[in-house]
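The values are calculated or read from the model by the stated rules, or taken from the named source; none is laboratory data. Everything numeric here is computed off the predicted structure, so don't read it as measured data. Note: ideal-geometry Cβ built from the backbone for every residue, glycine included; neighbour counts use all protein chains shown.
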Protein chains: 4
Amino acid sequence: MIKVAINGYGTIGKRVADAVAAQMDMKIVGVSKTKPSFEAYVAKKRGYPLYIADMAKKGAFTKVGLEVAGSVDDMLKIADVVVDATPGGVGKQNKSLYEKIGLKAIFQGGEDHEVAGFSFCSDCNYAGAIGRQFVRVVSCNTTGLCRIINLVDSAFGVERVRSVMVRRGSDPGEVKKGPIDAVVLDPVSIPSHHGPDVITVLPHIQITTMAMIVPTTFMHMHAVQMDCKREASREELVRRIEEHSRIGLVRSGTGIKSTAELKEYALDLGRPRGDLWESCVFADSIAVLGKEVYFFQAIHQEADVVVENVDAIRAMSGTVKDPATSIRMTNEAMHLSAL
Amino acid sequence: MIKVAINGYGTIGKRVADAVAAQMDMKIVGVSKTKPSFEAYVAKKRGYPLYIADMAKKGAFTKVGLEVAGSVDDMLKIADVVVDATPGGVGKQNKSLYEKIGLKAIFQGGEDHEVAGFSFCSDCNYAGAIGRQFVRVVSCNTTGLCRIINLVDSAFGVERVRSVMVRRGSDPGEVKKGPIDAVVLDPVSIPSHHGPDVITVLPHIQITTMAMIVPTTFMHMHAVQMDCKREASREELVRRIEEHSRIGLVRSGTGIKSTAELKEYALDLGRPRGDLWESCVFADSIAVLGKEVYFFQAIHQEADVVVENVDAIRAMSGTVKDPATSIRMTNEAMHLSAL
Amino acid sequence: MIKVAINGYGTIGKRVADAVAAQMDMKIVGVSKTKPSFEAYVAKKRGYPLYIADMAKKGAFTKVGLEVAGSVDDMLKIADVVVDATPGGVGKQNKSLYEKIGLKAIFQGGEDHEVAGFSFCSDCNYAGAIGRQFVRVVSCNTTGLCRIINLVDSAFGVERVRSVMVRRGSDPGEVKKGPIDAVVLDPVSIPSHHGPDVITVLPHIQITTMAMIVPTTFMHMHAVQMDCKREASREELVRRIEEHSRIGLVRSGTGIKSTAELKEYALDLGRPRGDLWESCVFADSIAVLGKEVYFFQAIHQEADVVVENVDAIRAMSGTVKDPATSIRMTNEAMHLSAL
Amino acid sequence: MIKVAINGYGTIGKRVADAVAAQMDMKIVGVSKTKPSFEAYVAKKRGYPLYIADMAKKGAFTKVGLEVAGSVDDMLKIADVVVDATPGGVGKQNKSLYEKIGLKAIFQGGEDHEVAGFSFCSDCNYAGAIGRQFVRVVSCNTTGLCRIINLVDSAFGVERVRSVMVRRGSDPGEVKKGPIDAVVLDPVSIPSHHGPDVITVLPHIQITTMAMIVPTTFMHMHAVQMDCKREASREELVRRIEEHSRIGLVRSGTGIKSTAELKEYALDLGRPRGDLWESCVFADSIAVLGKEVYFFQAIHQEADVVVENVDAIRAMSGTVKDPATSIRMTNEAMHLSAL
């Protein structure tokens, strides 16, 4: 049993905790919060021991019925691997804590590549993470791009990728962030950071990305175009997506044309929190023009990296060497099946 | 086993179907759809036989892998009770179908009181529904008002209610309805229809409501004020809400201040579809000034009437005469426990 | 000519600048910005001398073609009155600057009453501001409440006011603030601060307010109920509103049912920036039940206090002693006529 | 004086009316409405005679103080040109009315190319419209694409265009249309109709477009990429945009990064209704990589076609043969100057 601590039990951390708890070969030894919140109550109901950064705040927790198991330092001591799911930039600060005690740590895409020195996507470079102390699971958008670029690259060879990233303004449970009524260029300049981030995983790919933020909470949408090295085939592309366990195909018969309907479908299917761990490619959008491929894919920003974190734990621990085996174990434990 | 058909497998219908299927004393004999959609696939995965209104469209279903069990008429013949969850106004048209074959039918709050002649809320008038052929479960907003008014009335006597209803513009899965950036008075005139609708259930209550629509999808928010007949007590009010199985208390320690955080909490708790079947009163908002009571309550428009429909089925079937027993059976089958 | 400086040329500051510039008896001697922005270009096009807080940043302005006239201290020296339109809380810090040089200053509603010691609404207490050094123009919501409460009070005597404030999440030009999809109780507790704030202007009024924030940018909406001392009359109330120059009546024939349509109308009328300086009461919403009055009013958060600032300048300067005269002068210069 | 009638005084019609009224060589002889509304009051204030489609509804207008000058047929008889700004698809039905009396008519982009047989963009094909009876001014998005593609084509030769169109869900004054919280693929299939529509104006261009709808009201955003025939130069591109009177450059110094800030700037500049008749290219977004050009442009859906309609009137009337002259006349009358 790999003993896993979750430092930062928020949007990503709480999902990784549940995903880890579902695996046969892993267990959660603790999760951390900085202040009492509904998420702390959820941790309690799930039976995850609750650790806090600042023990001076212990009273604030116990006053509202939340038992504190100890400090974050205490938690780190009993873990084999820590998943750092703190807000972007905090992971970098936490790194020295992990170094000091020689603890394996996974950072999220909000940290720079240099923090871990290795950027991870199960499909693309699982083997490279085996035995490493530090790994960074790339962001939701980068994960979504890497999966499909890698697939198309295997099929037809990718010459060049162009992608417009239309990003959600906030997560559904956030209420302070906007915009309310605007399209915000983020950044105005081209390319956005997403292209270079893909290259941390797939260094041989040529890619230019443009990014904006819109007033929605559910998912990101990517409008992707690729120039391939060889003549592409729509049939072959669809077939390969169908065979891929983490790229879902949103089929015509469902009538789904939007992120909102897609999330509703995930909720109806009984997925926990309505999570879509797979990238969601719209079948009807796939167009092939000679060597050019076009399509739309929706990315659930809260979920797609969750399964990647689980695989990264296994790779770093060295218990499973074969990527396909780990991916299958992760997926099965979470009942991830075709849309 | 009460055999239940769901006519209209949409936002409400699909939830009532799952709630019915979870009961020990009921089963789903069929659900109806007018065209293929992701919801039809969900019915298939759940094992609910799929019936369609227009058999000429059978090919459209079978073509995308959806087996059709028969026509809506076929479905009605094998049911003891039909839950009509078609869009507002369609239920009225369907009534003659049910009358013709003497089938018990439940209508939703989108229909006028006169369609059924009896408007239902489990808390308030379960007994009146026993043995009836037609019952109307009042709308989500009216259900939310009836529950809490009835509770305050029992505690302190209600002299007069004033409520401002801030309504969501569309359900999360709808993408055509707005507004995107506006507060819409609906209606401009005062009072709105909600007050009179409460009176179909609680005829002795004086109530004036004002209503508007805002650009959100998650829940309605009610800003409620009541003049009581007797001096009210905050402590007593909180205690009674805590004892009520379908009025939840959103507690201070959770830090929840919005509909979005409340829905996130429901999803984290593992509620199916993140459903909040209970009215959600914000504990910190409850203010008592002499005989006056003020508070905010959030109402999950997709969910609160679901449990009421289940009780209505039992009352009409006459199998359970005691309201408290039916409510407890319904709640337990759905694992409805305190927030 | 009263020489007016605007400290903080943002949403409110830029509007007050234009309103002041339109008056016969006032002129703008300068406006301040902290960094280059499109608003600084607008100041330049309008011919308002641009002053900056931190002269070390002068280069950043001149580099993009924006001439700097001097420091904020320089600006304050040449003014008779400064309108402090800096973000909430900053005015309090600025006060000592104004005190040091004995400059008359107007603060906005984002500051506490105590900062100025006198809270102003032209309708209600113009006379009290005559000759004062410090005056606080109350917030947009409080201004909107004071105007109509004062009117109803004169007509029928106000016993008690209850108002639910449904507030816009951000101004149209802001892109960082949310919520995107939520109703946020702000605060959860009842009463909100709006009631006590009304009392700083109208100390004899009994008022309880509840407040929430919704995902819209255009206007606030108030759902108001008043208990009057005397039998009220709808006809009389409508007549008095029609006679009031800063309470507009949104008439039935316009078909306007929302804040968005109201703003569109204001833009169509050629109002600068589509500004609604008047409170906007929906004629069809006005309901009188014996001594009770109900109505909806929309408040343009960017605009209604602008005309109040102009009157406050005149009152403090002591040049016009009669409120009605100042109000008429202000309105006429801005071509404020009935909706 | 060219006598112009506006059939359909809504979002586009009311703007074209004001633009026409501002020209030295044109006048408005009438505008039409189907029912009383705030826009009808605006027409009255502007002094535009009001005509109605169905004379049976005359009473509804006069009852609310709106004088009716006659029927739409009456209006058409006294016009030299009619601008049909009715909702998409209605123009096609109206065509026979115009044919019957031999009246010149302009249709909007909501109609198919075939309705007029000639699709117009001032920059690209003014000459082709001279003397024609029927002309279709292409949609706001197509106009925005045609202007910049034509400019880049003149500069560097355009080999291929790829554009992702992120469209606003509704206009600011609309309150029924959504989505509230979703990205909607419209259409899911690729290419969207925008590419083929560009080809009705610029038949030699290769273009593929993808389109989606997001919950905002202010402007559309285009993420554009072009492959050029010759090596492109950023400097040259910027210079040509600066020289173009209907492509504005959103400059770095303004700090504008979003549609909302851009609209705020337009309102601050005193533009009527905050209208942006020019396409708005973000200077900082322009990236040139060899023969590839990338940039973002924002398109004000309510405004950019307005100036095109005015030019089309002049071309069809044959009074001005030179495109540059008409464009200059139109722009000057509307005080269109650089952002």
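For this structure, a couple of remarks:
- Scope the range B:7-18; condition more than 14 Å from chain A (Cβ to nearest Cβ) and either in a loop (DSSP other than H, G, I, E, B) or touching a helix residue (DSSP H, G or I) at 6+ places or on another chain (Cβ under 6 Å) (or both); matching residues: B:G8
- Screening the range B:254-339 for helices (runs of 4 or more DSSP H) wholly inside it with 3 or more residues that are over 30 Å from D:D181 (Cβ atoms) returns the ranges B:304-317, B:323-333.
- Summed over the range D:290-338, the residues that are under 20 Å from D:A105 (Cα atoms) and either in contact with a strand residue (DSSP E or B) (Cβ under 6 Å, 6 or more places away or on another chain) or of a type in the set (G, A, S) (or both) give a count of 11.
- Pair list, Cβ under 6 Å, 6 or more apart: the range C:120-143 residue closer than 18 Å to C:T325 by Cβ, other residue crowded, with 24+ Cβ neighbours inside 10 Å and of a type in the set (S, T, N, Q): C:C121/C:T143
- Among the residues of the range B:80-110, those that are without any contact (Cβ under 8 Å) to a residue 40 or more places away in the chain and surrounded by fewer than 16 Cβ atoms within 10 Å (Cβ to Cβ) comprise B:G88, B:G89, B:Q93, B:S96, B:E99, B:K100, B:I101, B:G102.
- Selection within the range B:307-330 - surrounded by fewer than 24 Cβ atoms within 10 Å (Cβ to Cβ) and of a type in the set (V, I, T): B:T319, B:V320, B:T325, B:I327
- Any chance B:M219 is among the hydrophobic types (A, V, I, L, M, F, W, C) and within 13 Å of chain A (Cβ to nearest Cβ): yes
- Assessment of the range C:252-259 against the conditions (over 30 Å from B:T217 (Cα atoms) and within 14 Å of chain D (Cβ to nearest Cβ)) yields at least one matching residue.
- Options B:G59, B:G91; residue that is in a helix (DSSP H, G or I) and over 26 Å from A:G253 (Cβ atoms): B:G91
- Filtered by the rule that a residue be under 26 Å from D:V183 (Cβ atoms) and out of contact with any helix residue (DSSP H, G or I) (no Cβ under 9 Å at 6 or more places or on another chain), the range A:224-235 gives A:Q225, A:D227, A:R234.
- Candidates in the range A:111-122 are the residues that are more than 13 Å from the chain's Cα centre (by Cα) and not in a loop (DSSP other than H, G, I, E, B); of these, the one that is surrounded by the most Cβ atoms within 10 Å (Cβ to Cβ) is A:A116.
- So B:T34, is it within 19 Å of B:A303 (Cβ to Cβ) and modelled with pLDDT of 95 or more: no
- Counted as qualifying within the range D:179-251 are the strands (runs of 3 or more DSSP E) with 1 or more residues that are surrounded by 24 or more Cβ atoms within 10 Å (Cβ to Cβ) and hydroxyl-bearing (S, T, Y), namely D:207-214.
- Condition check for D:S139: among the polar types (S, T, N, Q), under 15 Å from the mean Cα position of the chain (by Cα) and more than 14 Å from chain C (Cβ to nearest Cβ): yes
- Scanning the range C:23-56 for residues that are within 30 Å of C:G318 (Cβ to Cβ) and assigned to a helix (DSSP H, G or I) gives C:A43, C:R46.
- Pick from the range C:160-182, criterion in contact with a His (Cβ under 8 Å, 6 or more places away or on another chain) and within 7 Å of another protein chain (Cβ to nearest Cβ), ranking: farthest from B:T208 (Cα to Cα): C:V166
- Residue check, C:T34 within 13 Å of chain D (Cβ to nearest Cβ) and out of contact with any helix residue (DSSP H, G or I) (no Cβ under 6 Å at 6 or more places or on another chain): yes
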